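S.K.: I'd like to ask some things about the structure below.
The values are calculated or read from the model by the stated rules, or taken from the named source; none is laboratory data. For clarity, every value in this text was computed on a predicted model and none was experimentally measured. With ideal geometry, Cβ positions are generated from the backbone for all residues, glycine too; neighbour counts draw on all protein chains shown. These accessible areas exclude ligands, DNA and RNA; they are computed on the full protein's heavy atoms, side chains included. Shrake-Rupley method; radii C 1.70, N 1.55, O 1.52, S 1.80 Å.
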Amino acid sequence: MSSREPILVVEGLAKTYRTAAGPVEALRDVSFELARGERLAVVGESGSGKSTLVRALLALVRPDAGRVRLSPRGAGRMLEWSSLAGRELARARRYVQPVFQDPMASLNPRRPVIAAVEEPLVVHGLARGDAARARAIALCAEVGLEPATAARFPHELSLGQAQRACLARALASEPELLVLDEPTSALDVGLQAQIVNLLFASARARELALLFVSHDLDLVGHVAERVLVLERGRIVEAGAVEQVLDAPRHEHTRALVRAWQL
Amino acid sequence: MVQGSSQRAFGVAGGGARALARSVLTRIGVFLGVSVLVFCVIHAAPGDPSLSVGVDVGDAVAVASDGARARFRAEHLLDASLVRQYLHYLGPFDLSPRGHPWFGGTGEDPWGGLVCFDFGHEFRRPTISVSSELAKRLAVTVPLTAVAVLLAYALAVPLGVACARRRGSAFDRATSTLLLACFSVPAYWAALLLMLVFGARGLDWLPMLGLHDKDAAEFGAFASALDLARHALLPVVVMTYGALAYIARQTRGAMIEALESDYVRAARARGLAETRVVWRHAFSNAVFPLLTLAGSLLPALVGGSVLVESIFELPGVGRYAYEGFLQRDYNVVMATTLVSALMTLAGLALSDALYAWFDPRVRRA
Ligand SMILES: Nc1ncnc2c1ncn2[C@@H]1O[C@H](COP(=O)(O)OP(=O)(O)OP(=O)(O)O)[C@@H](O)[C@H]1O
Ligand SMILES: [Mg+2]
């Protein structure tokens, strides 16, 4: 928030998909800020544009309008994130890393998970050869994966282990913002708690900002400091988590909360 | 929005010697089943093999004498029951008058039958063994088919990948339309069209029939290679374009699925170079269903060779089968069909092997 230095500043973001059935406005005039080390949740019904926002923040989707600025400590200055391209973009990507919903689908089935954790280290020049392998093993250990487990292929892991591997991979490039799209909804309740605690611990240790999408309002209440509510691509409500969840002002938020309490 | 990866839907092929034995036995069973089926079909087909005894191809006016025909029918058991005929064909005992003494034959020239990989002799030219003729024919068909397959892959894969990368662009749409058009053009039509355009009646750029020029014997090494290439060009094109269109479509689909997957998204988000994302992460996953495609493509191409070789008058297996059918030469028809069946089964086995080799889930199971 304003008292803290922002890592992410989003202004007037808009994205329209052109489909055979006509244009779909997935994001309209989305603006918000995220402070260093802050934990922000994005909620909204299915199709409200959460994943599109995630992809825009990961520079996987080019917005039609608006700008996203990023100011990682590592870069030492404000980056025009949404208009970076080529080499510059590739280099800056290490500061923003994703964790997706389905851990199995987010790991290359043909490579051992340790290779996935090692790759960002090498690509971003953080370590090489044996040093990279050692760092990767340490990262895996941090998320609770033993070296023998990390040497396996994704299909040989449990869902929880796979999501840990995804987290280790995301942490490898020393990011300052993690963008998580329903990171626990593929897991059962026990695993959810483990992954969330892990996420918490890693984030706190690194002053890592988290932006996560979730349907699970209990989880949101537990993890987030602030919440954004999206409805058909627009932010209809934003505020501190207690305020938004306990005393929702917008009708749509109220409907979401009511639906969750059922 | 999670993309269900189709690869995960595959069951894991069981490992171990028992599974191998089972699949080998199954294939032998299928092979014998095919032999019974083809045997019944050609014997049920109208036409009498003895009519063309001692008669050369295309020489329709000449007809063998009644005596010769009767001798021929007796020698080949053509008046015996179908079961007896099949057992005779299957071997290892020759049931014909000149066959095994246990079954009343003279034993002078017994043949081993199918179980000994003995395809017998041609009806029309009794001195020629079908196996040796088949070997000569395979030496034409196999290289042609191999070139066609390799060419199809070499062109289709980059094309499919390029389309997937530019999905929805003008390039992609134009290419997809063209490929679809290619895929729906019948091979005989394309062959005739190409012959009209490039042959003597059109531009006269290429020879149309056969594999060699009539004076090829006098050519040097380079000239005869060039001559062969010029003769083979149109047949190879006809054998390639359909497979090319098919493989390119499959490549495009598999690549689009891979490029839409979360692990590719994550790879992009990691800041990898685009070529590394496309080839190392997406393609390495997309390529594996494409390779298994090769196994099922091969038999289709072997089947297509009947048409291509007949039209271009190439002395391959396909044409051999065609001639065999025309003359009701049961031994030739059986041999060519069974060799095709064998290739089909080998192709499928190859698919399985590639599948196991390229999929870590199977390999380590
Ligand atoms: N690649 C695409 N092409 C066309 N339309 C798309 C594409 N991706 C998303 N959309 C559309 O954009 C809208 C927002 O989709 P998005 O995936 O961002 O929603 P979401 O909030 O993540 O939904 P969910 O909770 O179901 O994951 C939807 O109407 C969706 O159909
Ligand atoms: Mg979504």
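S.K.: Look at B:Ala139 and say whether it is among the aliphatic types (A, V, I, L, M), open to solvent by 40 Å² or more (accessible area, probe 1.4 Å) and free of Cβ contacts under 8 Å to residues at least 12 places away in the same chain.
M.R.: yes
S.K.: Something else now. Run A:Ala209 past the list (1) of a type in the set (A, V, I, L, M); (2) within 15 Å of the chain's Cα centre (by Cα); (3) within 14 Å of another protein chain (Cβ to nearest Cβ); (4) away from ligand 2 (no atom under 16 Å from the Cβ) and report the number of the one that doesn't hold.
M.R.: (3)
S.K.: Residues of the stretch A:14-39 being open to solvent by less than 20 Å² (accessible area, probe 1.4 Å) and within 16 Å of ligand 2 (Cβ to nearest atom), which ones?
M.R.: Once the filter is applied, which keeps residues that are open to solvent by less than 20 Å² (accessible area, probe 1.4 Å) and within 16 Å of ligand 2 (Cβ to nearest atom), the stretch A:14-39 yields A:Ala26, A:Leu27, A:Val30.
S.K.: If we scan the stretch A:41-55, do we find a residue that is out of contact with any Lys or Arg (no Cβ under 7 Å at 6 or more places or on another chain) and in a strand (DSSP E or B)?
M.R.: Yes; the residues of the stretch A:41-55 include at least one that is out of contact with any Lys or Arg (no Cβ under 7 Å at 6 or more places or on another chain) and in a strand (DSSP E or B).
S.K.: List every residue pair whose Cβ atoms sit under 7 Å apart, with the two residues 6 or more apart in sequence or on different chains, where the first one lies in the stretch A:26-40 and is assigned to a strand (DSSP E or B) and the second, anywhere, is open to solvent by less than 20 Å² (accessible area, probe 1.4 Å) and not hydrophobic (A, V, I, L, M, F, W, C).
M.R.: What qualifies is A:Ala26/A:Gly49; A:Ala26/A:Thr52; A:Ala26/A:Gly233; A:Leu27/A:Gly49; A:Leu27/A:Thr52; A:Leu27/A:Gly233; A:Arg28/A:Gly233.
S.K.: Out of the residues in the stretch A:59-70 that are buried (at least 23 other Cβ atoms within 10 Å of the Cβ) and within 14 Å of chain B (Cβ to nearest Cβ), state the one that is nearest to ligand 1 (Cβ to nearest atom). If you could, list the steps in order and put the result at the bottom.
M.R.: Kept after step one, since they are buried (at least 23 other Cβ atoms within 10 Å of the Cβ), are these residues of the stretch A:59-70: A:59, A:63, A:70.
Add one more test, that the residue is within 14 Å of chain B (Cβ to nearest Cβ), and what stays is A:59, A:70.
Working: A:Ala59: 15, A:Leu70: 21 Å.
If we take residues in the stretch A:59-70 being buried (at least 23 other Cβ atoms within 10 Å of the Cβ) and within 14 Å of chain B (Cβ to nearest Cβ), then A:Ala59 is nearest to ligand 1 (Cβ to nearest atom).
S.K.: Would you point out which residue out of B:Arg201, B:Arg173, B:Arg125, B:Arg167 is at pLDDT 85 or above, out of contact with any Pro (no Cβ under 7 Å at 6 or more places or on another chain) and assigned to a loop (DSSP other than H, G, I, E, B)?
M.R.: The match here is B:Arg167.
S.K.: Just the residues that are part of a loop (DSSP other than H, G, I, E, B), away from ligand 1 (no atom under 16 Å from the Cβ) and within 14 Å of the chain's Cα centre (by Cα), please, taken from the stretch A:175-206.
M.R.: A:Pro175, A:Glu176, listed by residue number.
S.K.: Among (1) within 14 Å of another protein chain (Cβ to nearest Cβ); (2) open to solvent by 40 Å² or more (accessible area, probe 1.4 Å), which single condition is B:Tyr246 missing?
M.R.: Tallying (1) within 14 Å of another protein chain (Cβ to nearest Cβ); (2) open to solvent by 40 Å² or more (accessible area, probe 1.4 Å), B:Tyr246 fails exactly one: (1).
S.K.: Does A:Val99 meet the test of being within 13 Å of the chain's Cα centre (by Cα), within 16 Å of ligand 1 (Cβ to nearest atom) and in contact (Cβ under 8 Å) with a residue 12 or more places away in the chain?
M.R.: Values: within 13 Å of the chain's Cα centre (by Cα): yes; within 16 Å of ligand 1 (Cβ to nearest atom): yes; in contact (Cβ under 8 Å) with a residue 12 or more places away in the chain: yes.
It is true that A:Val99 is within 13 Å of the chain's Cα centre (by Cα), within 16 Å of ligand 1 (Cβ to nearest atom) and in contact (Cβ under 8 Å) with a residue 12 or more places away in the chain.
S.K.: Tell me, yes or no, whether the stretch A:210-223 has at least one residue that is in a loop (DSSP other than H, G, I, E, B) and within 19 Å of A:Ser106 (Cα to Cα).
M.R.: Checking the stretch A:210-223: at least one residue is in a loop (DSSP other than H, G, I, E, B) and within 19 Å of A:Ser106 (Cα to Cα).
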